[in-house]
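All remarks here apply to the structure that follows.
Each value in this text was obtained by applying a stated rule to the coordinates, not by laboratory testing. As the structure is a computational prediction, the values presented were derived from the model and not from experiment. Using ideal geometry, Cβ is built from the backbone for each residue, glycine included, and neighbour counts are taken over all protein chains shown.
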Amino acid sequence: MEALANGPFLEWSGEAVVGLWDVLKKYGYFRAQMDRMLAEIEDSRPDVLLLIDYPGFNLRLAKAAKERLPNLKTIFYISPQVWAWNRGRIPKMARYLDLMLCIFPFEKALYEASGLKTEFVGHPMLDTLAPLKTNAPRSEHLVGLFPGSRDREVRRLFPVMLEAARLLSARVPGLRFEAPAANTRVAAWMLEHMKNSHFDPAFCRIGMDRFYPLAQEAAVGMVCSGTATLEAAYFGLPMLITYKVAALTWLAGRLLVRIPFLGMPNVLAGEQIVPELLQGAASPQKLASTLQQLLANPEARRAQQERFAKVISGLGNPGAGVRAAAEVATVLANCHAS
């Protein structure tokens, strides 16, 4: 959360959690943070409250802040993906948000249909990733394992991906495997898991800060659903998308999610251009078989890459952050003019 005001600049970033059980375990912590932030907002009385991402918390904060300070202008940046699971929530959001800044082009019409002023500013990923592009040739024998960045994601997905890699290496001799680690703690756990599972340490390289290079060097990859899939698509990595969560979370998600695909490349394309192996389908056998088919079919890999290019071109031009800042500045200037 960030608050823009004539007075202090407030900033807080909390812990990301996934799933119902994780939220319940940390409810007291989140409740305390909510109370603290509302007190700071009331004390500083900003003209504009800019909330960035983290919708589960920030939408509640925006509603409560608006109730306490009705003249406060509230702006949400990185539009929440409520269109995937609860479009009926958008009209309610329009009551306490003054401006939505969205990063996907189709979102503007969805939000504005409920009376919520919305601007499409483009995806900030385009600015972040452009300097990292190498255009290096891919290694036809290198397979990337991308199990995510959160501890819980990695602990659920990396063992499955590793077993899939074992099966794949037996079917396709000469393959090399590598998995990027988001931090030293995750890297240490991945290495320990390999040791406990009787893998040769050389079987799968664990690389720090290797996500973006690996996405450009690997022939194919298994990618954890989330932002990583769109980043991998940006670099043209032929891939499959996979995900596993707690059974209760999966059941709740299946009841709530209203879109046919989970991976953003598929959502943006409007069709399945990347295989999705989720929950029960995310088995080592199915992951290995799907990736083996992709490795054996250069035309299928090229087809994915062509569709990725179209998806990325639809995200607008670089400069999303500058455009978002300009929108916030306009709201702030109008506050001072009134």
Problem - Relative contact order, percent, segment 130-313 [alpha-carbon distance under 8 Å, six or more residues apart] - result: 25
Handout entry: Computed label-point distance, nm, for sites Asn183 and Cys335 using a 7 Å Cα→Cβ extension
Key = 3.2
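Only Lys, Arg, Asp and Glu count, each charged at its Cβ (+1, +1, -1, -1), so figure out the dipole size of the chain about its Cα centre, rounded to 20 debye.
Working: 38 positive and 31 negative charges, 171 e Å.
The calculation lands at about 820 debye.
Return the Rg/Rh ratio of the chain with Cα-based radii and a Kirkwood Rh. Can you show the working numbers first?
On the way: Rg = 21.6 Å, Rh = 21.7 Å.
When Rh is taken as the Kirkwood radius, the ratio is 1.00.
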Completion exercise
Output for segment 60-168: trypsin sites (Lys or Arg not before Pro) sitting in coil per DSSP, at most 12 other Cβ within 10 Å, listed by number, reads Lys133
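Please quote Rg/Rh for segment 130-313 to two decimal places, taking the Kirkwood radius as Rh and restricting both calculations to Cα atoms.
Working: Rg = 15.5 Å, Rh = 16.5 Å.
On the Cα set of segment 130-313, Rg over Rh gives 0.94.
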Handout entry: Inter-label distance, nm, simple model (7 Å from Cα along the C-beta direction), Ala281/Ala170
Key = 2.4
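What FRET efficiency, computed as 1/(1 + (r/R0)^6) with R0 = 35 Å and r the Cβ-Cβ distance, is obtained for Glu271 and Asp151, rounded to the nearest 0.05?
Numbers: r = 33 Å, r/R0 = 0.95.
E between Glu271 and Asp151, to the nearest 0.05, is 0.60.
Checking understanding here: applying a Kyte-Doolittle mean of at least -0.5 and a length along the axis of at least 27 Å (C-alpha), which whole DSSP H helices in the chain pass? The partial results should precede the final answer.
Numbers: long enough: 151-171 (30 Å, -0.08).
Flagged H segments are 151-171.
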Handout entry: Tally of Lys pairs whose C-alpha atoms are under 17 Å apart, taken over the chain, 8 or more apart or cross-chain
Key = 11
